[in-house]
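The values are calculated or read from the model by the stated rules, or taken from the named source; none is laboratory data. All values reported here derive from a predicted model rather than from experimental measurement. Cβ placement follows ideal geometry from the backbone for every residue including glycine, while neighbour counts extend to all protein chains displayed. Accessible surface areas use protein heavy atoms only, side chains included; no ligands, DNA or RNA. Shrake-Rupley method; radii C 1.70, N 1.55, O 1.52, S 1.80 Å.
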Amino acid sequence: LKDALDLWLNEHVAEATKIAEQAIRNAINRGKTAKTVERRKGSGVAVMPGKLTDSELTGLNAELFLVEGDSAGGSAKAGRDKETQAILPLRGKGMNSWEVEQSQILANQEIHNIAVSLAIDPHKLDSDVDMSTLRYGKVIILSDADDDGNHIQALLLTLFFRHFPKIIQQGHVYIAQPPLFRLDVPAQGKSKPPRKLYALDQAELDMLAARLRQEGVKEGSWSISRFKGLGEMDAVQLWETTLCPDTRRLVRIRIDDAAAAVAAFDTLMGRS
């Protein structure tokens, strides 16, 4: 067949050119759609990213923490509830995905790991995507309480809003609020053992100090520590402040005005 086809193509240059152009177009289109969430082997067994420390259970009661840095990720792994809480450490600041083609978004390894962990493909808000495969009821962004942490939050929210909007629309995305300060209060007699109190910011720190004075705690008897980042917290502190459902603080992300959100992200993340 090859020799006969070579002769025919050389004799019919116009047709040969059309065939070559079509082959090139097909190859380009395959490249655009080739990046998919590769989470299953031939056996059908789910293949999760190596950096993911998964929870024993999945579903609406399970939680995925996207944690800034390997150090904080290590403390979170040690302090978590293994039954319901999964940890995925993120390396540094992620990619600005606002103007990235959806067909190419999974070429980024960090984003691919997130998508595989969630078991949800990138989609548009009006896409017919199967949300029943979502592996966690809460996707919680856990970053430092500083400008870099805020930037990481913005990049991840950009990713979810642009390429996984139904996760936000259905109320699955949260931001954790780790404290900036810790107060160590000494024992006040036999009935009041030593206490550890945490403050989200300076205003809350001032409120806690005023409350201690009202309780009759001697001025200056308590000590104040400021966390430089999540990496400074050990497993117990991270559990008490950020992981424990009874004591942590989470902000749920929702879309009240999609047009206003698009304008805001375009201002923050667009090139213009």
Hey, any idea what % of segment 115-262's accessible area is carbon plus sulfur with a 1.4 Å probe?
50
Probe 1.4 Å, all protein chains in place: accessible area of Val262 in Å², nearest 10?
60
Can you give me the long-range amide H partners of Ala86? Hydrogens built in the peptide plane at 1.01 Å from N, cutoff under 5 Å, separation of 5 or more residues or another chain.
Ser55, Glu63, Leu64, Phe65
From Cα pairs below 8 angstrom and at least 6 apart in sequence, can you work out the relative contact order of segment 131-199, rounded to a whole percent?
30
Which order do peptides 202-208, 176-182, 120-126, 213-219 fall in by mean Cβ count within 10 Å, highest first?
176-182, 120-126, 202-208, 213-219
Highest average packing first - 192-200, 233-241, 15-23, Cβ atoms within 10 Å:
233-241, 192-200, 15-23
Around Phe227, which amide H atoms from residues at least 5 apart in sequence, or from another chain, sit under 5 Å from its own amide H, with H modelled in the peptide plane?
Phe181, Arg182
Tell me, what is the percent relative contact order of the chain, built from C-alpha pairs under 8 Å that lie six or more residues apart?
19
Among Met233, Pro193, Leu90, the residue whose Cα sits farthest towards the positive end of the charge dipole of the chain (+1 at Cβ of Lys and Arg, -1 at Cβ of Asp and Glu, taken about the Cα centre) is Pro193
Span-like helices, the chain: DSSP H, alpha-carbon axial extent 27 Å or more, mean Kyte-Doolittle -0.5 or greater, which ones?
13-33
Segment 67-107-segment 142-174 distance, computed between alpha-carbon centres (Å)
11
Which value, in Å² and to the nearest 10, is the accessible area of Ile24 when all protein chains are kept and the probe is 1.4 Å?
100
Over the Cα atoms of segment 175-248, each weighted equally, I'd like the Debye log10 I(q)/I(0) at q = 0.11, 0.15, 0.16 Å⁻¹, rounded to two decimals.
-0.29, -0.53, -0.60
Please work out whether segment 97-234 counts as rounded, prolate or oblate from its C-alpha gyration tensor, where a ≥ b ≥ c are the square roots of the eigenvalues and a/c under 1.5 means rounded, while otherwise a/b larger than b/c means prolate and anything else oblate?
prolate
How much of the DSSP beta bridge set in the chain is antiparallel, as a percent to the nearest 5?
50
Top positive-direction residue, dipole computed over the chain with Cβ charges, set Trp8, Asn108, Leu208
Leu208
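Excluding ligands, DNA and RNA, what is the solvent-accessible area per residue of the chain at a probe of 1.4 Å, expressed in Å²? Don't skip to the end; give the middle numbers.
On the way: 15240 Å² over 272 residues.
Per-residue accessible area for the chain comes out at 56 Å².
Please report the orientation-averaged projected area of the chain, defined via the convex hull of its C-alpha atoms, in nm².
21.6
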